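Every read-out reported here was derived from the displayed coordinates using simple, explicitly stated rules and does not represent laboratory data. All values derive from a computational prediction rather than experimental measurement. For neighbour counting, all protein chains shown are included, and Cβ atoms are generated from backbone atoms with ideal geometry for every residue, glycine included.
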Amino acid sequence: MVGSPVLFVAIPLLAAFLIPLMGMIWKEFVRIIPGLVLAYMLVLSVSLIIYIQSHGTIVEVISGWGPPVGINLVFSPFSGALTTLMTFLGLLVWLYSHKFKRNVDYEPAKKYFILLMLMVTGSVGMVLTGDLFNMFVFIEIVSISGYGLTSFFVRRDSAEAAFKFLLMGAFASSFLLIGIMIIYTQLGTLNMAEIAQRMPQMDYHMKVFSLIFILVAIGVEAETFPLNGWAPDVYTQAPGPISAAMSGIVVKAAVYANIRIIYTMYDLQGAYEYLLIIGLITFIVAETAALKQERLKRMLAYSSIGQMGLAMIAFGIGTKEGVYAALFLMFSHAIIKSLLFFSGSYLVYNKTSKYIKHVNGMGKYLPITAFLFTLGAFAIIGLPPFMGFWSKLALLSAAADSNLVILVAVILVVSIVEAVYYLRVVNRIFFFKKRANTKPEKPTINAMIAMLSLAAIVLVIGFYPDLVTGLIERAADDLMDKGRYIGEILSKN
Amino acid sequence: MEKYLDILEIAIYGSAVALILIGLYGALTKKSLIKIVLGLSIMDSGIHLMMIALGYLKGGTAPIFSKGFENSADQMVDPIPQALVLTAIVIGFGVTAVALSLVIRLYRHHDTLRIDEIKNLKW
């Protein structure tokens, strides 16, 4: 074994707190260290993925306390695939923002990179942990760094967005604590595998009660329908790369938590239907709301909520094909939406209001950025031969296999709405005249590399989906096999 | 003594629930940003008190193996809720600090603390 899953939490946490000290020695360390750490994490998670293919899931016991008592980290095909995705996106976010605020000030950049490292730590920790209370702690790490990063720009209305996020996040954390407390009083354990094993003993009403508290709490981070009021504001006001990190890393971690709790921990009838219905409402409401948005990043935010709704629908189908489609959707959405946020931020760079009309005519001045945005838009609508096509196809065929024909129809109709608002922006980029008061801003070379590598993934996987389908299929198998998850963890005792 | 402990237990649970409800009321209905943050903080305290009360054993001792208490594991209060509450208090403190600093930022930006006057973003 090349390394242990503990390093995914320990190293970025250590780096986050070493950054200010190293910055005193040489200011460039502040920008270099996060990149080195994230690159190391990416290499580590890829090599661990290869390792677990032949040796099986790694269950890491922390400080010698066996699983039902102590905290354990689980690197299974499912959590490993998500960890790889998150560290990869984290690396690209770092690359994109490497020169961030370079000419302005040293102090903001320092805080930015510290908080970014904490956000990645929290998200990866949420995915890897096997302990419910530990998950709560990681969710709080993610949220608090998220509040800080949202309020980053002093001149915008960012404090307002951050306060809104904080209000919902604080309620969510209280609810999550109540939910965890109910489980603890009923079962006397916090280990997720042991909770899953002993869940049938729990009183039915307590089960429903605790599940509602936990789902409401995690639903805030996972952008499910009535609880996603923070998302559009946060995505509009936060720095561009942070919007990408939020939709690509944080929300994926929260959806993972949601799914792990419903699929593995609880054995409730009707939980899948809940996912299906709430996902459908999220999808329809978000996509129609995106249609009437006037600001680019707000539109992208609603589209991101809608895509998470799609993933929830796919999880709610409940069959193996559904889970496969959901994981594929999460993967492709993380890549494509990051590409859209990266390139979209440059298209409206010089305006704080970020209206869609500010992209008018940018195709002539920023041809590569505009082309990449268009690529991302086509991919997320689901046009062949891009990556988004295969994930949407997997979802539709999973729904058709389960005889949910109405669902297929609804998804296709709402996808037309999606196509309308994306193609409207593309139309403005290429066929409208540039407004006099907008000034094109050339992307930095790092940002260009980050965007081009995302676009390359979109294209390559569009032509050769087999490159990732094996990985995703193993992850889906891992999630569906609840008994193996419990056995693997509790046998470590 | 027995009766006194019974009353105490009811009082602790009652005040925990009361604190949670007061906090919810304050956070949801008050217009001032400071009062909202206070409400959140009170609600957190209520939850912490509730968690401690749940781990309590009537007439139990501290969960420490010391001289004279070697065989009294069944009389010890549950230490896990205490550990959880310790973590939760630290997290609550962090959230309150971030919230108050955001309130300062909002006050500088809008010159008001009333939440219904701060609506540059669509709520």
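Details
- Where trypsin sites (Lys or Arg not before Pro) fall in DSSP loop in the stretch A:316-373, at most 10 other Cβ within 10 Å: none
- Charge tally in the Cβ shell below 13 Å around A:M246, where Lys, Arg are +1 and Asp, Glu are -1, A:M246 excluded: 0
- Net +/- balance of residues flanking A:L128 in space, Cβ distance below 12 Å, scoring K and R +1, D and E -1: -1
- Dipole of the stretch A:6-490 [Lys/Arg +1, Asp/Glu -1 at C-beta], most positive-end residue of A:M24, A:A311, A:N228: A:M24
- Here the dipole of the stretch A:364-493 is about 1020 debye; that uses its Cα centre as origin and unit charges on the Cβ of Lys and Arg (positive) and Asp and Glu (negative).
- Residues B:H48, A:H205 arranged by fewest to most Cβ contacts within 10 Å: A:H205, B:H48
- Prolate/oblate/rounded call for the stretch A:1-91, Cα gyration tensor, a/c under 1.5 rounded: oblate
- Acute angle (nearest 10 degrees) that the helix B:79-110 long axis makes with the longest principal axis of chain B, alpha-carbon atoms: 10 degrees
- Residue (of A:I381, A:Y184, A:G219) at the positive-pole extreme of the protein assembly as shown, dipole from beta-carbon charges: A:I381
- Peptide A:152-165 has a mean shielding of 5, counted as Cβ atoms of other protein chains within 10 Å of each residue's Cβ.
- Charged neighbours of A:P68, selected by a Cβ distance under 14 Å, balance to -1 (K, R count +1; D, E count -1).
- Selection of trypsin sites (Lys or Arg not before Pro), the stretch B:32-123, meeting DSSP coil and at most 11 other Cβ within 10 Å: B:K58, B:K67, B:K119, B:K122
- Kirkwood-based shape ratio for the protein assembly as shown, expressed as Rg/Rh from alpha carbons: 0.97
- Look at B:E2, A:E223, A:E28, A:E441 and count the other Cβ atoms within 10 Å of each Cβ; fewest to most, that gives B:E2, A:E28, A:E441, A:E223.
- Prolate/oblate/rounded call for the stretch A:135-263, Cα gyration tensor, a/c under 1.5 rounded: prolate
- Using C-alpha pairs under 8 Å with a sequence gap of at least 6, the mean separation divided by the residue count of chain A gives a relative contact order of 16 percent.
- Crossing angle, helix A:387-401 versus chain A [Cα axis fit, 0-90 degrees, rounded to tens]: 40 degrees
- Taken about its Cα centre, the protein assembly as shown carries a charge dipole of about 3060 debye when Lys and Arg each add +1 at the Cβ and Asp and Glu each add -1 at the Cβ.
- Folded to 0 to 90 degrees: helix B:33-54 orientation relative to chain B principal axis, Cα: 10 degrees
- Euclidean distance of C-alpha centroids, the stretch A:178-242 and the stretch A:61-130, integer Å: 21 Å
- Sorted fewest first by neighbouring Cβ atoms within 10 angstrom, B:T87, A:T57, A:T150, A:T352 come out as A:T352, B:T87, A:T57, A:T150.
- For chain A, the longest site-free run once chymotrypsin sites (Phe, Trp or Tyr not before Pro) in DSSP loop states with at most 15 other Cβ atoms within 10 Å are removed: A:154-431
- Principal axis box of the stretch B:2-117, alpha-carbon based, largest edge first, Å: 62, 28, 14
- Residue (of B:A27, B:A11, B:S41) at the positive-pole extreme of the stretch B:1-64, dipole from beta-carbon charges: B:A27
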